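Accompanying notes for the structure given below.
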Amino acid sequence: MSLVTSELATDFPTAKRVVVKIGSSTLMGQGGHLDEEFIADLSGQIAHLVRDGVQVVLVTSGAIAAGLAPLGFETRPHEVDVLQACASVGQVALIQTYARAFAQEGLSIGQVLLTRNDTGSRSAYLHARLTMERLLEMGCVPVVNENDTVAVDEIKFGDNDSLAAIVGALVGADLVVLMSDIEGLYTADPHNDPTAQLISRVEKVDDSILGLASGSSSAVGTGGMMTKVRAARATQLAGTSMVICLGRRKNVLYDVAMGADIGTRFVPDAGHAPEPARKLWIGFAGHDCGSVVIDDGARAALHSGGGSLLPVGVTRVNGTFSRGDVIAVKDEDGVLIARGITSYSSQEAELTRGMKLDMVGRVVPSLAGVALIHRDELLVF
Ligand code: GLU
């Protein structure tokens with residue numbers, strides 16, 4: 001396990017461009033209403049950062065949570081269309097509250113609502129990036145959420161921790177901050193185990209770290225520690241730091257962005273150069289059109305680095321996909337190993353699975369010498 005506990009505290013460089021994500025449970029106050037005082041304080045911290053030359057993109061949850069009370073719900077409903085109606089009402093309240101709070105600080109905000117369909121299309125992704133650049137250049141604070149009213153399962157980010165990691169890659173942030181209802185990642189569940197220790201630094205998100213993150217614990221949001229740790233893995237691949245911290249701690253965002261050692265900081269993987277932007281887009285921004293299952297040999301080859309995925313390692317092909325689609329690469333246990341752009345259709349992958357490359361050309365001449373996924377089009381997690 002590569003971690004350092006709080007005694008070994010160190011300070012970090014000041015961030016230049018920060019993506020900060022606020023969870024629903026941090027945003028909501030008494031009686032199911034948005035906590036305006038908290039939002040005013042947060043806007044104050046962001047304005048302070050902007051005045052100090054730090055650019056900030058806000059990823060906010062809370063649309064569904066803020067829509068519950070106005071529509072008469074005491075608890076979160078289950079039906080997707082009802083949740084989407086709540087999000088539609090709540091997003092208005094959310095953005096109005098932010099707009100008012102930031103106006104007090106002399107700042108304008110720009111609303112950006114995204115689904116995976118938007119980030120999954122390379123051209124829409126690049127346009128979203130340009131829009132955010134312009135907003136930041138003009139001194140505005142982009143306020144991002146998932147477009148919950150239209151997002152259905154296939155095009156969902158699902159949780160705003162993943163969305164924050166994707167936005168971090170989109171804008172080339174050097175720091176992603178997840179403001180949560182817990183101080184950070186602990187060695188055990190601090191609610192049940194008094195010996196649990198806060199982990200202040202994580203250098204590599206490996207299986208032991210994933211094992212520490214358990215399921216969701218929030219009543220109003222969708223994120224749990226698992227989604228945060230997965231988001232941390234994504235930011236590490238991008239060469240970006242990520243901090244999980246207690247959102248309600250005084251001045252926490254400002255202090256974290258200034259490099260204070262607060263919460264759990266996932267530092268970029270030192271043994272790994274940041275993946276290029278296009279690979280990050282392949283790995284995180286889109287949705288899978290299908291998947292291939294690979295054997296242990298192929299998995300080991302991908303993990304040892306640098307190679308393309310060849311048909312010889314493929315044991316199963318799932319779904320229907322075309323050449324040029326993004327597909328997932330999984331191991332026999334269903335664990336996601338990589339994502340990439342396939343040079344084969346699902347039919348071609350099925351026809352050639354288990355074959356050496358020199359045989360492939362005899363079966364499908366146009367694929368002679370062509371890897372199933374070329375290494376430049378493949379992000380290994
Ligand atoms: N997009 C959802 C909302 O604004 C929240 C998703 C999440 O909490 O991660 O209500």
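Only one of (1) under 22 Å from the mean Cα position of the chain (by Cα); (2) modelled with pLDDT of 95 or more is not met by T119, so which one is it?
(2)
Quick test for you: out of V171, V202, pick the one residue that is in contact with a Ser or Thr (Cβ under 9 Å, 6 or more places away or on another chain) and either touching a residue at least 12 places away in the same chain (Cβ under 8 Å) or charged (D, E, K, R) (or both).
Working: V171 fails: in contact with a Ser or Thr (Cβ under 9 Å, 6 or more places away or on another chain).
Answer to the selection: V202.
Exactly one condition in (1) out of contact with any strand residue (DSSP E or B) (no Cβ under 8 Å at 6 or more places or on another chain); (2) under 29 Å from S180 (Cα atoms) is not met by I282; state its number.
All conditions are met except number (1).
For the stretch 164-176, check the following and say yes or no: at least one residue is closer than 30 Å to A260 by Cα and within 10 Å of the ligand (Cβ to nearest atom). Write out each step before concluding.
Taking the stretch 164-176 and keeping what is closer than 30 Å to A260 by Cα, we get 164-176.
Filter once more, so that each one left must be within 10 Å of the ligand (Cβ to nearest atom): 164.
Yes, the stretch 164-176 has at least one match.
Report, by residue number, each residue of the stretch 270-281 that is assigned to a loop (DSSP other than H, G, I, E, B) and at pLDDT 80 or above.
The first filter runs over the stretch 270-281 and keeps only residues assigned to a loop (DSSP other than H, G, I, E, B), leaving 270-276.
Hits for the stretch 270-281 are A273, P274, E275, P276.
Filter the stretch 223-265 down to residues that are more than 16 Å from the ligand (Cβ to nearest atom) and part of a loop (DSSP other than H, G, I, E, B), then give me how many there are.
The number of residues fulfilling the criteria is 13.
What pairs can you find where one residue is in the stretch 137-161 and closer than 26 Å to Q104 by Cα and at pLDDT 90 or above, the other is assigned to a strand (DSSP E or B) and of a type in the set (D, E, K, R), and their Cβ atoms are less than 9 Å apart, with a gap of 6+ or different chains?
V144/K21
Among the residues of the stretch 279-305, write down those that are surrounded by fewer than 19 Cβ atoms within 10 Å (Cβ to Cβ) and of a type in the set (V, I, T).
Correct list: empty.
Which residue pairs have Cβ atoms under 6 Å apart, sit 6 or more places apart or on different chains, and have a first residue in the stretch 282-308 that is outside any helix (DSSP H, G or I) and a second that is among the aromatic types (F, W, Y)?
Qualifying pairs under 6 Å: C289/F321; G290/F321.
Can you say whether M242 is among the aliphatic types (A, V, I, L, M) and crowded, with 23+ Cβ neighbours inside 10 Å, as far as the supplied structure shows?
Numbers: among the aliphatic types (A, V, I, L, M): yes; crowded, with 23+ Cβ neighbours inside 10 Å: yes.
Here the answer is yes, as M242 does meet what is asked.
Can you name the number of the only condition in (1) out of contact with any Asp or Glu (no Cβ under 6 Å at 6 or more places or on another chain); (2) buried (at least 22 other Cβ atoms within 10 Å of the Cβ) that Q236 fails?
For Q236, the exception is condition (1).
Name the single residue that is modelled with the highest pLDDT among those in the stretch 210-219 being more than 17 Å from the chain's Cα centre (by Cα) and crowded, with 17+ Cβ neighbours inside 10 Å.
Here the residue is L212.
Could you grab me the full set of residues in the stretch 164-201 that are under 22 Å from K279 (Cβ atoms) and part of a strand (DSSP E or B)?
In the first step, residues of the stretch 164-201 are kept if they are under 22 Å from K279 (Cβ atoms); the result is 164-176.
Within the stretch 164-201, L175, V176 meet the criteria.
The values are calculated or read from the model by the stated rules, or taken from the named source; none is laboratory data. No experiment lies behind these values; they were computed from the predicted model shown. Every residue, glycine as well, gets a Cβ built from its backbone with ideal geometry; the counts of neighbours run over all protein chains shown.
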